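Notes follow the structure.
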Amino acid sequence: MNFAPPHVAPVLVAHLPEPEPRRRLRECFDCGQLHRMGPLPAGVVARCLRCHAVLGRGRRDPFSRPLALALTGLLLLFLAVQLPFMGIDLYGRDNAIHLTTGAAELETYGFWELGAVVFAFTVGAPFARLLCIGAVLSGLRMARPPRFLPLLFRLDERLRPWAMVEVYLLGVFVAYTKLGDLAFVQVGLAVYALGGLMLAIAATDAALDPDAVWDTLEARGLVVAPERLAAALRAAESPEARVNELIACTCCVLVVGAAEATPCPRCGARLHRRKPEAVALTWALLVASLVLYVPANMLPVLTVSRLGQGAPSTILGGVQQLAAAGMWPLAMLVFFASITVPVLKLIGLAIMLISIQRRAAGRLQDRTVLFRIVDAIGRWSMIDIFMVSVLVGLVRLGFVASVTPGAGAVAFCGVVILTMLAARTFDPRLMWDAVARVQAPPRRRVALRRWGRPKPFTARPAS
Ligand SMILES: [Zn+2]
Ligand SMILES: [Zn+2]
């Protein structure tokens, strides 16, 4: 029977909207479990069936809102760089600084690597991230979007952990409180702009839906290799596909049937079934950071001199000074961020590496949670470095008062970066692989059938 009125033109089936959302394979990057997942409705969170890692979140407005927020962030960053940042007044001598003064002053003391890191983490990475997001989302609104959009979006994904505005603000707060006893300190408008920038970046990340952006880039034909993408997707969906021939791209999360170490046909990132040489590389980075941990705690991170007198102080010395001045909450905060977190990371990663090598089966779920904690808290150790950069820039009052950086700060900064890199080279899926290899020989057919059928994913509304 045909219910269509006779005057309606026939519509090609291919042009009709799909009757149900397209479901694609999705690998959990914490445990390696494969799922089938379609586009998520707004407010819904999809979690891994095996380890409960978040696989995706449905956003209400994944394009306009993050674009507006990213552009607001760029404006706030411009204001934060241009407006006065902080001022100090002591015995009639005063000094005012901008956001980038601290990094520049570190270079004049010969600590150019420290200055470069502070600048890159507080201005460079946030600027590049917001610019990439803004360019991709506004590019997608064009009739003929430029071809380099996937490259920009990939760059944003890579820069994400290195933009540390919120950590810097906490470092500013510690520096401000430390100086409160010593001198009259003024907070400039740039600090408020930086606070706004922190909120804008957090809101952009909350509103942005990378899956939706990648799907739209793909739908508009903006992929690195369109023909290879079609072939790789066909290979992934074919009933003959074997689980160990499928590779999930760690950048754009697409699961494809492709050869190891080839570039992802959608985003161009190199494809690896597991992160290459993960165990050896993570061990190497861990040992290197352990070696640096000794000078980081033995050497002074800064020297505060007042009226020509002052002694160098280490990280622990700084905590003791804060405690002696009665600033207990701040002392505990700095102690936790600078001493506890690096040790926790070193021990946590070592436990996970040993458990892979010993093929330990116990507490897999707990070890995966441990990995998520280690990965998330690492950046907060930068508080001390950022505090040093603020103090060095601000307290330049000649004989009256001055703060000079110490070699311990470079070593400590090295520890933080190396442990962050170690958490990124580590592959938690290897912990699950090690157990799977012990418990049962790989039964590819069974495994394929297990994930091959569309299966409901655990979803709960976001609170
Ligand atoms: Zn998982
Ligand atoms: Zn990719």
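The values are calculated or read from the model by the stated rules, or taken from the named source; none is laboratory data. Note that the coordinates shown come from a computational prediction; the quantities given were computed from them, not determined experimentally. Ideal geometry is used to build each Cβ from the backbone, glycine not excepted, and the neighbour counts take in all protein chains shown.
In the set (1) charged (D, E, K, R); (2) over 28 Å from ILE351 (Cα atoms); (3) within 16 Å of ligand 1 (Cβ to nearest atom), the condition left unmet by GLU245 is number (3). Selection over the stretch 369-402 of residues that are of a type in the set (Val, Ile, Thr) and surrounded by fewer than 23 Cβ atoms within 10 Å (Cβ to Cβ) gives a count of 4.
Is it the case that the stretch 50-58 has a residue that's in contact with a helix residue (DSSP H, G or I) (Cβ under 9 Å, 6 or more places away or on another chain), in contact (Cβ under 8 Å) with a residue 24 or more places away in the chain and within 16 Å of LEU194 (Cα to Cα)? Looking for residues that are in contact with a helix residue (DSSP H, G or I) (Cβ under 9 Å, 6 or more places away or on another chain), in contact (Cβ under 8 Å) with a residue 24 or more places away in the chain and within 16 Å of LEU194 (Cα to Cα), one finds none in the stretch 50-58, hence no.
Being under 16 Å from TYR168 (Cα atoms) and of a type in the set (Ser, Thr, Tyr) is the filter here, so list the residues in the stretch 79-113 that pass it. Listed by number, the residues that qualify are THR100, THR101.
Rundown of residues vs (1) acidic (Asp, Glu); (2) more than 14 Å from ligand 1 (Cβ to nearest atom), yes/no style:
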| site | (1), (2) |
| --- | --- |
| GLN33 | no, no |
| ALA42 | no, yes |
| CYS51 | no, no |
| VAL54 | no, no |
| ARG59 | no, yes |
| ALA68 | no, yes |
| LEU71 | no, yes |
| PHE85 | no, yes |
| ASP94 | yes, yes |
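Looking at the stretch 270-285, which of the residues that are farther than 17 Å from ASP30 by Cα and either buried (at least 19 other Cβ atoms within 10 Å of the Cβ) or within 16 Å of ligand 1 (Cβ to nearest atom) (or both) is nearest to the chain's Cα centre (by Cα)? Among residues in the stretch 270-285 that are farther than 17 Å from ASP30 by Cα and either buried (at least 19 other Cβ atoms within 10 Å of the Cβ) or within 16 Å of ligand 1 (Cβ to nearest atom) (or both), the one nearest to the chain's Cα centre (by Cα) is LEU285. Among the residues of the stretch 32-49, those identified as part of a loop (DSSP other than H, G, I, E, B) and in contact with an Asp or Glu (Cβ under 9 Å, 6 or more places away or on another chain) are GLY32, GLN33, GLY38, PRO39, LEU40, ALA42, CYS48. For the stretch 49-69, a residue qualifies if it is out of contact with any Lys or Arg (no Cβ under 9 Å at 6 or more places or on another chain) and not small (Gly, Ala, Ser), and the qualifying residues are ARG50, CYS51, HIS52, ARG57, ARG60, ASP61, PRO62, LEU69. Is it the case that the stretch 294-313 has a residue that's at pLDDT below 90 and in a helix (DSSP H, G or I)? No, the stretch 294-313 has no match at all. Residues that are among the small types (Gly, Ala, Ser) and in contact (Cβ under 8 Å) with a residue 60 or more places away in the chain were ranked within the stretch 270-305; the one that is farthest from PRO150 (Cα to Cα) is SER305.
Quick one: would you say PHE335 is outside any strand (DSSP E or B), closer than 19 Å to MET420 by Cβ and either at pLDDT below 90 or not aliphatic (A, V, I, L, M) (or both)? Judged against the criteria, PHE335 is not a match.
Scanning the stretch 271-280 for residues that are within 14 Å of ligand 2 (Cβ to nearest atom) and over 14 Å from ARG228 (Cβ atoms) yields a count of 2.
Checking each residue in the stretch 143-166 for being surrounded by fewer than 21 Cβ atoms within 10 Å (Cβ to Cβ) and closer than 17 Å to LEU197 by Cα picks out LEU159, ARG160, PRO161, TRP162, GLU166. The residue list ALA212, ALA259, ALA230 contains one member that is at pLDDT 85 or above, within 16 Å of ligand 2 (Cβ to nearest atom) and outside any helix (DSSP H, G or I), which is ALA259. When you look at ASP375, is it within 16 Å of ligand 1 (Cβ to nearest atom), out of contact with any Pro (no Cβ under 8 Å at 6 or more places or on another chain) and either in a helix (DSSP H, G or I) or of a type outside the set (D, E, K, R) (or both), yes or no? When the stated conditions are applied, ASP375 passes them.
This table checks each residue for (1) surrounded by 21 or more Cβ atoms within 10 Å (Cβ to Cβ); (2) within 30 Å of VAL400 (Cβ to Cβ).
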position	(1), (2)
VAL117	yes, yes
GLY124	no, no
LEU169	no, yes
ALA175	yes, yes
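Among the residues of the stretch 248-269, the ones that are free of Cβ contacts under 8 Å to residues at least 24 places away in the same chain and surrounded by fewer than 23 Cβ atoms within 10 Å (Cβ to Cβ) come to 4 in all. Taken as a whole, the condition of being touching a Gly at 6+ places or on another chain (Cβ under 8 Å) and within 14 Å of ligand 2 (Cβ to nearest atom) applies to LEU246.
The residue that is nearest to VAL374 (Cα to Cα), counting only those in the stretch 21-52 that are of a type in the set (Lys, Arg) and within 16 Å of ligand 2 (Cβ to nearest atom), is ARG26.
Checking the stated criteria, PRO210 turns out to be more than 16 Å from ligand 1 (Cβ to nearest atom) and either touching a residue at least 60 places away in the same chain (Cβ under 8 Å) or under 27 Å from the mean Cα position of the chain (by Cα) (or both).
Considering THR368, THR303, the condition of being among the hydroxyl-bearing types (Ser, Thr, Tyr) and under 30 Å from THR100 (Cα atoms) is satisfied by THR303 alone.
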